[in-house]
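Report on one structure; see the data block that follows.
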Amino acid sequence: ESANALVEGKAAIVARINELLDRPTETAVMNPVISRKLVRAALDSGALTGFVSRNLGASVDDFPFPTLPELQSLAVALNPGLRAKATMAAVANTELELARKEHLPDIDVSLQYGQRSGFTRGADGNPTSRSDLISAVVSIPIPVQRKSKQDVDVAAARAISSGASNEERAAQNQIRSEVARIYSDVAHQRTLLALFVRSVIPQGRASTTSAMSNYQAGRGDLTSVLNAQATVFDLELAYQRALADFAEKVAELEAVSGKELIP
């Protein structure tokens, strides 16, 4: 039953991956491999350098990523969802400005040309043709009920603009909080990996070596050796899971910040 659950679970995950990649459900998916650069980011510096202090709960030193404020600024600037909300807020603000301009009088300036027929007598008494007329007309409408409608339109546009701006700020705060959460998870997983590499797994292997030596010298039994080897196996499996969790958290951090963090 357990093996069947793993097989069916894998099929569901493969289908989900193909859905995200816009591919047919039955498309084969290559086995995941954690890249060397990701392993280096997790272990090469922190696992070999040490911890920031000797206090219980201290994090691993020499964090390979930008600082939290830098990542939050990147996320606010590059996150596609935030950029879409910023565009919507800009559009709403433009519509508000247009609604406000509707209050300005719609001044109309026009020129009119008139051709006159007939004759008139000049100063010398001789008949002359009448000159054509060119007149300028300036019209300024006087709003009567229009102003009340304009006030309603401006109020509606202001509400939409304010709502869009509030949504943008809320989304920014949410992104900052999300970055902080994932950043903390990445630091935690990296510290856990350092503990596995520096302490837990070496101690487990030393216990296995000691149990084997005692068994060969006749001071121990085979059960102790097998138990020690099983413990090391469990520790190494937990290490691989922690490494996979670290890779997943880094991918989440890159997705929310909109930038590749491990070149």
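Among the conditions (1) among the hydrophobic types (A, V, I, L, M, F, W, C); (2) part of a loop (DSSP other than H, G, I, E, B); (3) at pLDDT below 85, A28 misses just one, which is (3). Checked against (1) at pLDDT 90 or above; (2) among the hydrophobic types (A, V, I, L, M, F, W, C); (3) not in a helix (DSSP H, G or I), I262 meets all criteria but (1).
What residue, among those in the range 219-250 that are among the charged types (D, E, K, R) and surrounded by fewer than 17 Cβ atoms within 10 Å (Cβ to Cβ), is modelled with the lowest pLDDT?
Step one: filter the range 219-250 for residues among the charged types (D, E, K, R), giving 219, 221, 234, 236, 241, 245, 248-249.
Then drop every residue that is not surrounded by fewer than 17 Cβ atoms within 10 Å (Cβ to Cβ), which leaves 219, 221, 234, 236, 241, 245, 248.
Numbers: R219: 86, D221: 89, D234: 93, E236: 91, R241: 89, D245: 90, E248: 89.
Only one residue tops the list, namely R219.
Apart from one condition, Q216 fits all of (1) modelled with pLDDT under 90; (2) within 36 Å of the chain's Cα centre (by Cα); (3) farther than 18 Å from P64 by Cα; the exception is (2).
Name the residue that is least open to solvent (accessible area, probe 1.4 Å), counting only residues in the range 251-263 that are touching a residue at least 40 places away in the same chain (Cβ under 8 Å) and of a type in the set (D, E, K, R). I'd like the intermediate steps shown before the answer.
First pass over the range 251-263, keeping only residues touching a residue at least 40 places away in the same chain (Cβ under 8 Å): 252-253, 256-259, 261-263.
Then drop every residue that is not of a type in the set (D, E, K, R), which leaves 252, 259.
Details: E252: 58, K259: 97 Å².
Checking each candidate, the answer is E252.
Which residues, taken from the range 61-78, are out of contact with any Ser or Thr (no Cβ under 7 Å at 6 or more places or on another chain), surrounded by 15 or more Cβ atoms within 10 Å (Cβ to Cβ) and more than 30 Å from R198 (Cα to Cα)? Reasoning before the result, please.
Just the residues of the range 61-78 that are out of contact with any Ser or Thr (no Cβ under 7 Å at 6 or more places or on another chain), to begin with: 63, 65-70, 72-73, 76-77.
Those left that are additionally surrounded by 15 or more Cβ atoms within 10 Å (Cβ to Cβ): 63, 65-66, 68, 72-73, 76.
Of everything in the range 61-78, those that are out of contact with any Ser or Thr (no Cβ under 7 Å at 6 or more places or on another chain), surrounded by 15 or more Cβ atoms within 10 Å (Cβ to Cβ) and more than 30 Å from R198 (Cα to Cα) turn out to be Q72, S73, V76.
Applying the set (1) of a type in the set (A, V, I, L, M, F, W, C); (2) open to solvent by 80 Å² or more (accessible area, probe 1.4 Å); (3) at pLDDT below 80 to L21 leaves exactly one unmet item: (3). Taken residue by residue, the range 198-217 has no member that is under 30 Å from A255 (Cα atoms), buried (at least 17 other Cβ atoms within 10 Å of the Cβ) and free of Cβ contacts under 8 Å to residues at least 60 places away in the same chain.
Considering (1) farther than 30 Å from N166 by Cβ; (2) within 29 Å of the chain's Cα centre (by Cα); (3) at pLDDT 75 or above; (4) charged (D, E, K, R), the lone condition that E70 does not fulfil carries the number (1).
For A156, the stated conditions do not hold, so it cannot be described as in contact with a Gly (Cβ under 7 Å, 6 or more places away or on another chain) and either open to solvent by 80 Å² or more (accessible area, probe 1.4 Å) or modelled with pLDDT under 90 (or both).
The values are calculated or read from the model by the stated rules, or taken from the named source; none is laboratory data. Quick caveat, the model's predicted, so the values are computed rather than measured. Every residue, glycine as well, gets a Cβ built from its backbone with ideal geometry; the counts of neighbours run over all protein chains shown. Only protein heavy atoms, including side chains, enter the accessible area calculation; ligands, DNA and RNA are left aside. Shrake-Rupley method; radii C 1.70, N 1.55, O 1.52, S 1.80 Å.
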